[in-house]
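Worksheet: one structure, shown below.
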Amino acid sequence: MNAPLPKRLWHWFTRTGVGRSIFRVGLPDSNLERSQAMVSSFLLHVQPAKVHRHALRASYSLGLGLITLYLFVILCVTGVLLMFYYVPSTDKAYDIMKDLQFVVSAGLVLRNMHRWAAHLMVLFVMLHMCRVFYTGAYKSPREFNWVLGVGLFLVTLGLSFTGYLLPWDQLAYWAITVGTSIAGYAPVVGEKLKYLMLGGHVVGQDALTRFYALHVIVLPALAVLMISVHLFRVRKDGGLSRPDEPGEVVQQIDLGQLPTNKSYGLMELARGTTPQVGMNPEDEIFSWPHLVFRELLLFLLVTAVVLFLAIFWNAPLEEIANAVHPPNPAKAPWYFLGLQELVSYSAFWGGVVVPGLLVTALALLPYTDRKRHGVGRWFARERVVANTIFSVCLAIAVVLTVIGSFFRGPNWSWVEPWKNPPAVTEGH
Amino acid sequence: MQDFSIRKFYGWFTALGLLVGVLVIVGYYRDEYRAWKDYQRRYIQEEIHRAATPQQRLLAERIPVEIRQTVLPDLHRVDRCTTCHLTVEDPSYGGYPQPLSYHPLHEQHPFERFGCTICHRGQGRATTTVEAHGNVAYWDEPMLPMQYIQASCGQCHEPADNPAAPELAQGEQVFENSGCRGCHKLGGSGGIIGPELDKVGARRSPDWLKKHFIDPASATPGSVMPPQKFPDTNLEAIVLFMLSQTGESASGYYSSMKNLPNTRLGQHLFQSRGCIGCHSVNGNGGKVGPALDDVGLRRAPEWMMQHFRDPQSVTPGSVMPRFGFTETEARALTDFLIHMREQAVALMLPSLMSPAERGREVFRKYGCAGCHGPGAKGGVPNPNSKTAEQVPGLLHVADGYTVPQLKARINTGQHEIPALDPKRPPPPLYMPGWAGTIKDAEVDDLAAYLISLKPKDENPGF
């Protein structure tokens, strides 16, 4: 046997009593063992023993959902490490940011990783949604998983927004002031909602305490739960979406016809589209090694990118929060700048109607667009109307965000970023 | 037949694994390498070099390379300056190049109680040169240039009569005499036309302040403040005084040190403790104790100090009670009495002054000169006002106002100044109402002063 040394060591270890008790199956050599490896491992059993060829096509999924998941994992790990230092107190929070930078070993890199991974996660959630839309993947039977995805999008925004306040610098303070003001424009409940978020009328210690609790407990727990259900349903709905294939007859059991007074095994109730009852076994390939190894490689890649960003670019930190010196202009976090730009035209439309309609339309999308065609292909010709509407909305959102980010100066006036901004001084 | 070989992944795993590994190493190196460690090693080398005995050498070699800091909870500071500036307390390093230099004259402000940044400013928590010296974005307090270092004394101590900070005292004089208070509030008293100055020193740089005094509108577009024509020394002094106004408030140990003994504190104590009830100055006051006009010539300072502690110990049979003055208060009173013979100080006792003299002090104290000119002679421009585009002088108010009218005018002010040309912007300067700011008794004195300004040799009945 001329296998490399690590492999031989692994083989030896998994044949010992201890190794076998932990891993059950060693490095698999037969198809039986490849299936066993997937089924017997806690981390791997979430995925099927065999997947459809289509699911491995990088050009189809672009790995966007998985990248988002990895970013979430990185955020959890770095976040817990940051919690060892952070104190949610208006007196201490900012000083702790400085200590992380200057005296904590790897403290700055840790904070940078958390910050950049958070921005990337918001970005990749959005990209993942675009992918799912453009491939029509939200259609039956995956309607509700899309709704869960919309919910996860909102939870991600909530996580990022609550985390934004924690450094307690000018950037944090005024972004949260602006962001919560946008919420305050909602009719009837707006002011109450803002008061509930901040624990008062202005951003202060109570707001910091609330945002901290939301950021480290409530929203992460919610995210973990929803991500679990999201992944569970991906599996139960037959893996990644793919085009219907000729000959793949869905053998749907009509549960209503079955006698109800006997118990059924899992296989009897399994839905027709699950891979194990797929009609074309030659399209199925073993998850080990083809899926698992690709996933591991992607994790390495995501880690490398986040590390690279964190080592060479520092997370922003401005002066300590100062309630009497607002920066001009005070800007919300980038993903809300499109809304802030809209708010500058009309608080009611930008702050309430447009975001409300957008979220509602996104959540109801799979129930309004019910025709089952064009699933599993990018920019399917049959879906040209839906794709056009979505693209126009997306383009508007991007343009508004770019304007809000780069073309708005003091008093939200129009500036051209390639020209030097006029010196801002406080008037008497 | 499917390809089950995992060999094709080897290349990818190797490449990405190496990439992550290299990044971790780069990140570790950047995190681990800090310039302050070099400075500390240089210091240790120097100590080893100096060691005369093996024991000393062993001690020097055992000096740890580590962050050093002074934690100052009452000052809301952690100063890590001594991480690089290791030898600030070691006189044998006098004349060494920075960062290994000695800091002279720190006996009265020991580092373990005061740290560094309370006087020098900068960013105490930082451990890199650029960040610590504070000339970076998003840090409001860069290190104070040494020429303005006296400004830091003024954060805690009264500027006047602080012998260690003459330029600060000069700056305060310039501030009070130039009428800045007419428009600006400082320490709770002053006008409302301009912004409050209580924390101006923490927000503004020396260069900005200078520019602002020379041409206010260039530093703050739209400012109505008239340009100030200070001579250079006065300009530097008032910039320094402005820099001292940081709003820094220290509690506990630090507040008890706030008052340096000085004649102003002495004068305050002299009035408030009722000394004048028994002693006289300029013939005014009680006759129970001796007159104090020339006490500074008759008695040594040490005698006076002992006298304040326990009058009977130096003057047996004296009926003067023991007032329980603190050492600081006793020194301040002594200081005051030594200078008593100087007429100017004696005249500053309000109870010994005439109403018009007190009124002149009120005129000075509230900065009336800022608009009405030094000595109320006018001449400050107020573009587009009907009164010759100037703020009117007040030398002739006695002709147009009775005393009650004048007092009413001071109290209510005049917010709408008649414009010369209605098409041009209205005159920027106006008369604020001073009721509630200037006390009633002071308004009486001020009115008396203004009435007294009328030139004596003019023919009133023309």
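Read-outs: derived from the displayed coordinates by stated rules, not from any lab. Predicted model only: the values in this text are computed from it and were never measured. So basically every Cβ, Gly included, is an ideal-geometry build from the backbone, and we count neighbours across all protein chains shown.
Taking a point 7 Å out from the Cα of A:Leu296 in the direction of its Cβ, the residues of region A:35-59 whose backbone N falls within less than 14 Å of it are A:37-38, A:43-44.
From largest to smallest, the equivalent ellipsoid semi-axes obtained for region A:26-89 from the alpha-carbon gyration tensor read 34, 19, 8 Å.
The listed peptides B:421-427, A:288-294, ordered by packing as a protection proxy, come out as A:288-294, B:421-427 (highest mean of other Cβ atoms within 10 Å first).
Once you have the Cα-Cα distance between B:Lys386 and B:Asp444, take 0.36 nm times their residue separation minus that, and quote the gain in nm to one decimal. Intermediate results must be reported in sequence, preceding the final value.
Details: separation 58, 0.36 × 58 = 20.88 nm, distance 2.83 nm.
Taking 0.36 nm per residue and subtracting the Cα distance, the gain is 18.0 nm.
Determine the relative contact order of chain B: mean sequence separation of Cα pairs under 8 Å and six or more apart, normalised by residue count, in whole percent. Walk me through the numbers on the way to the answer.
Numbers: 671 pairs, mean separation 48.2, N = 462.
The normalised contact order for chain B reaches 10 percent.
Averaged over residues, the count of other Cβ atoms within 10 Å places the peptides A:153-162, B:319-328 in the sequence A:153-162, B:319-328, highest first. For region B:1-67, the Kirkwood radius over C-alpha pairs fed into Stokes-Einstein at 20 °C and 1.002 mPa s yields D = 133 µm² per second. Evaluated with a Cβ-only charge set (Lys, Arg +1; Asp, Glu -1), chain B carries a dipole of roughly 540 debye about its Cα centre, given to the nearest 20. Volume per residue of the convex hull around the Cα atoms, evaluated for region A:292-428, comes out as 218 Å³.
Going by a ≥ b ≥ c, the root eigenvalues of the Cα gyration tensor, does region B:1-157 fall in the rounded group (a/c under 1.5), the prolate group (a/b larger than b/c) or the oblate group? Walk me through the intermediate numbers first.
Values: a/c = 3.70, a/b = 1.84, b/c = 2.02.
Oblate, because a/c is 1.5 or more while a/b does not exceed b/c.
Listed by chain and number, the lysines whose C-alpha is less than 21 Å from the C-alpha of A:Lys98, apart from same-chain residues fewer than 8 away, are B:Lys37.
Chain B has equivalent-ellipsoid semi-axes of 57, 37, 17 Å, by the square roots of 5 times the alpha carbon gyration tensor eigenvalues, sorted largest first. Eigenvalues of the alpha-carbon gyration tensor of region A:321-379, scaled by 5 and square-rooted, set the equivalent ellipsoid semi-axes at 37, 14, 9 angstrom, largest first.
For chain B, B:Cys84, B:Cys119, B:Cys153, B:Cys156, B:Cys180, B:Cys183, B:Cys275, B:Cys278, B:Cys368, B:Cys371 have no disulfide-compatible partner, since no other Cys C-beta lies under 4.7 Å from theirs.
State the volume of the convex hull built on the alpha-carbon positions of region A:1-110, expressed per residue in Å³ and rounded to an integer.
Details: hull volume 23.2 nm³, N = 110.
So the per-residue hull volume is 211 Å³.
Using only C-alpha atoms and all pairs of different ones, pull out the Kirkwood radius for the protein assembly as shown in Å with one decimal. Please report the intermediate quantities before stating the final value.
Numbers: mean 1/r = 0.0286 Å⁻¹.
Kirkwood hydrodynamic radius for the protein assembly as shown: 35.0 Å.
Inside 10 Å of the C-beta atoms of B:129-141, what's the mean count of C-beta atoms belonging to other chains? For this peptide, the per-residue mean of nearby foreign Cβ atoms is 2.
Using the alpha-carbon atoms, what tilt in degrees (0 to 90, nearest 10) does helix B:403-412 show relative to the longest principal axis of chain B? Helix B:403-412 sits at roughly 20 degrees to that axis.
Reducing region A:15-47 and region B:383-462 to their Cα centroids gives an inter-centroid distance of 97 Å. Beta bridges from DSSP with both residues in chain B: antiparallel share about 90 percent, rounded to the nearest 5. Helix A:287-312 and the long axis of chain A differ in direction by around 20°, with both axes built from C-alpha atoms.
The share of Cα pairs per 5 Å bin across region B:88-132, counted from zero up to the longest distance, runs 5, 19, 24, 26, 22, 4 percent. Annotation for region B:82-115: GluC sites (Glu not before Pro) lying in DSSP loop with at most 16 further Cβ atoms inside 10 Å of their Cβ are B:Glu89, B:Glu107. May I ask for the distance between the Cα centers of region B:197-239 and region B:5-70, given as a whole number of Å? Measuring centre to centre over Cα atoms gives 48 Å.
Across peptide A:287-300, what mean number of C-beta atoms from other chains lies inside 10 Å of a residue's C-beta? Working shown, then result.
Values: counts 0, 2, 7, 5, 0, 2, 5, 2, 0, 4, 6, 1, 2, 8.
Mean shielding count: 3.
Placing +1 on the Cβ of every Lys and Arg and -1 on the Cβ of every Asp and Glu, with no other charges, gives chain A a dipole of roughly 1000 debye about its Cα centre.
Quick one: if you stick a label point 7 Å off each Cα along the C-beta vector at B:Ser92 and B:Trp303, how many nm between them? Calculated label separation equals 4.8 nm.
Packing here is the average count of other Cβ atoms within 10 Å per residue, and on that basis the peptides B:178-185, A:221-228, highest first, run B:178-185, A:221-228. Using a Debye calculation, one point per C-alpha and no hydration shell, please list log10 I(q)/I(0) for chain A at q = 0.14 Å⁻¹ in order. At q = 0.14 Å⁻¹ the computed log10 ratios are -1.38.
If the chain between A:Val189 and A:His11 were fully stretched, how many nm would it gain, using 0.36 nm times the residue separation less the Cα-Cα distance? Mind dumping the intermediate values first?
Working: separation 178, 0.36 × 178 = 64.08 nm, distance 6.29 nm.
Gain in length upon complete extension: 57.8 nm.
Listed by chain and number, the lysines whose alpha-carbon sits under 24 Å from that of B:Lys456, ignoring those within fewer than 8 places in the same chain, are B:Lys377, B:Lys407. Summing Cβ point charges (Lys, Arg +1; Asp, Glu -1) relative to the Cα centre of the protein assembly as shown gives a dipole of roughly 2860 debye. Is the shape of region B:87-187 best called rounded, prolate or oblate, per the rule: a/c under 1.5 gives rounded, else a/b larger than b/c gives prolate, else oblate, with a ≥ b ≥ c the square roots of the Cα gyration tensor eigenvalues? Oblate.
Think of the protein assembly as shown as having a plus end and a minus end, set by charges on the Cβ of Lys, Arg, Asp and Glu; of A:Pro4, B:Gly95, B:Thr220, A:Pro4 sits farthest toward the positive end of this dipole. Relative to the dominant Cα principal axis of chain B, helix B:35-50 is inclined by about 90°.
Take each residue of peptide B:21-27, count the partner chain Cβ atoms within 10 Å of its Cβ, and average: the result is 5.
Each 10 Å bin from zero up to the one holding the largest Cα-Cα distance in region B:390-462 carries the following percent of pairs: 17, 42, 28, 12, 0.
Share of pairwise Cα-Cα distances greater than 24 Å in region A:36-174 is 46 percent (whole percent). A DSSP coil position with no more than 14 other Cβ atoms inside 10 Å describes the following chymotrypsin sites (Phe, Trp or Tyr not before Pro) in region A:1-79: A:Phe42.
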